[in-house]
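Right, one structure below, let's go through it.
The values are calculated or read from the model by the stated rules, or taken from the named source; none is laboratory data. Model, not experiment: these values are computed from the prediction. Note that we place each Cβ from the backbone using ideal geometry, even for glycine, and neighbour counts take in every protein chain shown.
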Amino acid sequence: MTTGRIARRFAALKKEGRAGLVTFVTAGDPDAATSAAILAGLPGAGADIIELGMPFTDPMADGPAIQAASLRALGAGQTTRKTLAMVRAFRMRDDDTPVVLMGYYNPVYAYGTEAFARDAAAAGVDGLIVVDLPPEEDAELRAPAAAAGLDLVRLTAPTSDDRRLPVLVENISGFVYHVSIAGITGTRSAETASVAGAVARIRRFTSLPVAVGFGIRTPDQAAAIARVADAAVVGSAIVERIAAAVAAGGQAGESGDSADLARNVLGFVGQLAEGVRGARVGVDTIGETTGR
């Protein structure tokens, strides 16, 4: 049976006895060239999986940092087709690191679900997270995504109870993304104990890896999550580094030296990766409650 990049990456992480680092950046932020440089450098900085945000005018699940990133990217001319082209260019130099597109359904619907799934897979995308598409309504994307070989990842939340969780983890692949707090991204952090309990509960219903995001801002916080989950997801804290550089250097597209901005962001990702990679001290807890 052939497995995709996401499954292979989590299998490799399990073999290494550690959790992964999933990094989020918005495609085209703050401009196409700088965004491409950051994307290209993420694996070398320590990102195990990349979430690439598809800019949208109304990112309602995201906090101010990612909302601003979407507006910067759209203002610089980013489109869905350009985002797919970014992935295609990335694949020319990296055929191993999984890339998951994360965003909202409107741009996918406007593109056409079958065409989007086909083109995303052809570009080298591995999975999709569509945050405003509940399982009761995702069949029109789920079917073409499966046909194209794309993993469809769903979100769980602290409010997802034992009746809802089986619905959320049905007909998905790749991994489960657990939102550690109720609310929008980048606003506060969850207690590690509550995250550990939530991960254990999710694992009662699925053998898929569980990645935890929202509110992880520092290497220490990433390490704490890496001790109890299969991956830690960091987004707003990375995006804020881009915003700070733009604010210091001018408008998007005039943000000073793109190489310096990329180095700054990738340096921070390196710190996060050190935290995640040193979190377990050789103890493998990935999937231990499910026998994986």
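Miscellaneous remarks
Each row is one residue, and each column tells you yes or no for (1) closer than 18 Å to Ala245 by Cβ; (2) surrounded by fewer than 23 Cβ atoms within 10 Å (Cβ to Cβ); (3) modelled with pLDDT of 95 or more.
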| site | (1), (2), (3) |
| --- | --- |
| Ser35 | yes, no, yes |
| Ile38 | yes, no, yes |
| Leu42 | yes, no, yes |
| Met54 | no, no, yes |
| Thr57 | no, yes, no |
| Met60 | no, yes, no |
| Gly63 | no, yes, no |
| Leu74 | no, yes, yes |
| Lys82 | no, yes, yes |
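- Residues that are under 14 Å from the mean Cα position of the chain (by Cα), within 21 Å of Ser236 (Cα to Cα) and not in a strand (DSSP E or B) are absent from the range 105-128.
- Filtered residues of the range 1-58 (kept if closer than 22 Å to Leu150 by Cβ and basic (Lys, Arg)): Arg5, Arg8, Arg9
- Candidates Val108, Val169, Val131, Val153 - the one that is buried (at least 17 other Cβ atoms within 10 Å of the Cβ), among the hydrophobic types (A, V, I, L, M, F, W, C) and touching a residue at least 60 places away in the same chain (Cβ under 8 Å): Val131
- Qualifying positions in the range 86-104 - under 18 Å from the mean Cα position of the chain (by Cα) and either assigned to a loop (DSSP other than H, G, I, E, B) or acidic (Asp, Glu) (or both): Asp94, Asp95, Asp96, Thr97, Pro98, Tyr104
- Residues that are closer than 23 Å to Phe268 by Cα, in contact with a strand residue (DSSP E or B) (Cβ under 6 Å, 6 or more places away or on another chain) and hydrophobic (A, V, I, L, M, F, W, C), drawn from the range 190-231: Ala211, Val212, Phe214, Ile216, Ala222, Ile225, Ala226, Ala229, Ala231
- Members of the range 48-71 that are in a helix (DSSP H, G or I) and out of contact with any strand residue (DSSP E or B) (no Cβ under 8 Å at 6 or more places or on another chain): Pro64, Ala65, Gln67, Ala68, Leu71
- Residue in the range 110-131 that is at pLDDT below 95 and of a type in the set (Asp, Glu) present: no
- Subset of the range 1-47 (residues that are more than 18 Å from Pro98 (Cβ to Cβ) and assigned to a loop (DSSP other than H, G, I, E, B)): Gly17, Gly28, Asp29, Pro30, Asp31
- Count of the range 11-37 residues, restricted to those that are of a type in the set (A, V, I, L, M), touching a residue at least 60 places away in the same chain (Cβ under 8 Å) and within 23 Å of Glu274 (Cα to Cα), is 6.
- The condition of being surrounded by fewer than 24 Cβ atoms within 10 Å (Cβ to Cβ), free of Cβ contacts under 8 Å to residues at least 40 places away in the same chain and not small (Gly, Ala, Ser) holds for Asp119.
- Residue within the range 73-85 that is more than 22 Å from Pro30 (Cα to Cα) and outside any helix (DSSP H, G or I) present: no
- Odd one out for Gly183 among (1) touching a Leu at 6+ places or on another chain (Cβ under 8 Å); (2) at pLDDT below 95: (1)
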